[in-house]
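No lab work stands behind these numbers, since they all come straight from the coordinates. This structure is a prediction, so every number in the text was calculated from the model and none was measured. Please note: Cβ atoms are built from the backbone with ideal geometry, for glycine as well, and neighbour counts cover all protein chains shown.
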Amino acid sequence: MTCNIGNCNNTIECRGYCKNHYYRFNRYGDPLGKPISKRKTHCKRGHEYGESNFYKDKNGWRSCKVCFLNRMKSYYKSNPDFYLDKNNKWRDSNSEKVNLSATLRRYNLTLDEYHSLQEKYDFHCAICDESKNLRVDHDHITGKVRGLLCNSHNLALGLFQDNTEVLTSAITYLTESKL
C-alpha cells in the first residue's frame, strides 16, 4: 500500500502516511505542512541578534556573541591553568613566530618591511657573511632601523654606543697593534 498523500508512492508506515508525511504530521500537525519559520530575534538571555551580535556554526545555527563571550570568561576564570598550559605549549612550539612578532612590535615594522630587509641583505649580516642569528640593527637615538646584523656585530655596535669616533679609534688600534 502506498501513502494517502497525492503523488507520494512510498509505503505506509502509520495512519496511512509514509515515514516522511507521518513525521510532518506528528511534528507540525499537517502531513503536508512545512514548519512555520519564526526566526528568533533575541537569544534566551534577551540579547538581540543584530548584524554583529551572533556567530554562525557550520550547520547554520546562531549563537549570541555576548552570551558566548560570557561563557568563555567564566570558563577561563574557573580553569586558568588549562589556558596557561595551552598558551605555554603553543609559545614553546612556535618560538620563531613569537620572537618575530616581538621584533616587529619593538621596531614598529610590518612583516613586508622585515622581509624586504632580509632580501636587501640577501639573508646575511650587513657586515660579515653570517646568515644565522640575524638581528634588527637600529639607531639608539632616533630609533630608525638601519638593517640586519648578526648577533655579534649588533652587540659590538651597541657596546660602542654607535660612536664612529670610538670605532675609528678601535680600527686604528687594531691595525697598529697587528703582530
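At 0.36 nm per residue, minus the direct Cα-Cα distance, what do residue 42 and residue 13 gain on full extension? Give it in nm, one decimal, please.
On the way: separation 29, 0.36 × 29 = 10.44 nm, distance 3.85 nm.
Extra length from residue 42 to residue 13 when fully extended: 6.6 nm.
Output ³J(HN,Hα) for the stretch 93-108: one whole-Hz value per residue in order, computed from phi by the Karplus curve 6.51 cos²θ - 1.76 cosθ + 1.60 with θ = phi - 60°, and x for Gly and Pro.
In residue order, the calculated couplings are 7, 10, 4, 5, 4, 5, 5, 5, 4, 5, 5, 4, 5, 4, 9, 6 Hz.
For the stretch 72-170, just say rounded, prolate or oblate: build the C-alpha gyration tensor, square-root its eigenvalues into a ≥ b ≥ c, call rounded for a/c under 1.5, and beyond that prolate if a/b exceeds b/c, oblate if not. Write out the running numbers ahead of the final one.
Numbers: a/c = 2.80, a/b = 2.38, b/c = 1.18.
Note, shape of the stretch 72-170 comes out prolate.
What ranking, highest mean first, results for peptides 98-108, 17-27 when packing means the other Cβ atoms within 10 Å averaged over each residue? Don't skip to the answer; put the middle values down first.
Working: 98-108: 12.1, 17-27: 16.2.
Descending packing order for the listed peptides: 17-27, 98-108.
Could you pull out every residue, at least 5 positions away or on a different chain, whose amide H is within less than 5 Å of the one on residue 130? Hs are placed 1.01 Å off N in the peptide plane, and Pro or chain starts have none.
It is 125, by chain and number.
Answer with one residue from 109, 9, 177: the one whose Cα lies farthest towards the positive end of the charge dipole of the chain, charges on Cβ with Lys, Arg +1 and Asp, Glu -1.
Of the listed residues, the answer is 9.
What's the FRET efficiency of residue 103 with residue 170 using the Cβ-Cβ distance as r and R₀ = 25 Å, to the nearest 0.05?
Numbers: r = 28 Å, r/R0 = 1.11.
Given R0 = 25 Å and the Cβ-Cβ separation, E is 0.35.
Can you spot the aspartates and glutamates whose alpha carbon is less than 20 Å from residue 86's alpha carbon? Ignore those fewer than 8 places along the same chain.
Result set, ordered by chain and number: 96.
Quickly estimate the mean residue ellipticity at 222 nm for the chain, helices only: each DSSP H run with n ≥ 4 gives -39500 (n - 2.57), and the total goes over all residues, rounded to 500.
Details: 7 runs with 82 residues, N = 179.
One gets -14000 deg cm²/dmol as the mean residue ellipticity at 222 nm.
Collect residues whose amide H, placed 1.01 Å from N in the peptide plane, falls under 5 Å from the amide H of residue 137; neighbours closer than 5 in sequence don't count.
146, 147, 148, 149
Output wanted: per-residue J couplings in Hz (rounded whole) for the stretch 162-170, from phi through Karplus 6.51 cos²θ - 1.76 cosθ + 1.60, θ = phi - 60°, x for Gly and Pro.
Result, rounded to whole Hz: 6, 8, 5, 5, 5, 5, 5, 4, 5.
Select from 168, 72, 18 the residue farthest towards the positive end of the dipole of the chain; place +1 on Cβ of Lys and Arg, -1 on Cβ of Asp and Glu, and compute about the Cα centre.
Of the options given, the answer is 18.
Let me check against my output: what whole-number percent is the relative contact order of the stretch 1-112, with C-alpha pairs under 8 Å and at least 6 apart? Present the calculation step by step, with values, prior to reporting the outcome.
Numbers: 75 pairs, mean separation 9.8, N = 112.
The value is 9 percent.
In the stretch 96-134, which residues have a backbone nitrogen under 18 Å from the label point lying 7 Å from residue 155's Cα in the Cα-to-Cβ direction?
125-134
Quick one: what are the phi-derived ³J(HN,Hα) couplings along the stretch 112-121, Karplus 6.51/-1.76/1.60 with θ = phi - 60°, whole Hz, x for glycine and proline?
Going residue by residue, I get 5, 5, 5, 5, 5, 5, 4, 5, 4, 9 Hz, with x marking Gly and Pro.
Which lysines does residue 89 reach when only Cα atoms under 27 Å apart count, and residues fewer than 8 places away in its own chain are ignored?
Partners within reach: 73, 77, 97, 132.
Let me know the shape class of the chain, please: from the alpha-carbon gyration tensor, a ≥ b ≥ c as square roots of the eigenvalues, rounded when a/c is under 1.5, otherwise prolate if a/b is greater than b/c, or oblate. Could you put the intermediate results ahead of the total?
Numbers: a/c = 4.65, a/b = 3.56, b/c = 1.31.
Verdict is prolate for the chain.
Can you spot the aspartates and glutamates whose alpha carbon is less than 14 Å from residue 44's alpha carbon? Ignore those fewer than 8 places along the same chain.
Cα-Cα hits under 14 Å: none found.
Of all the C-alpha pairs in the stretch 40-93, what % are more than 14 Å from each other?
Values: 907 of 1431 pairs.
Tail fraction, whole percent: 63.
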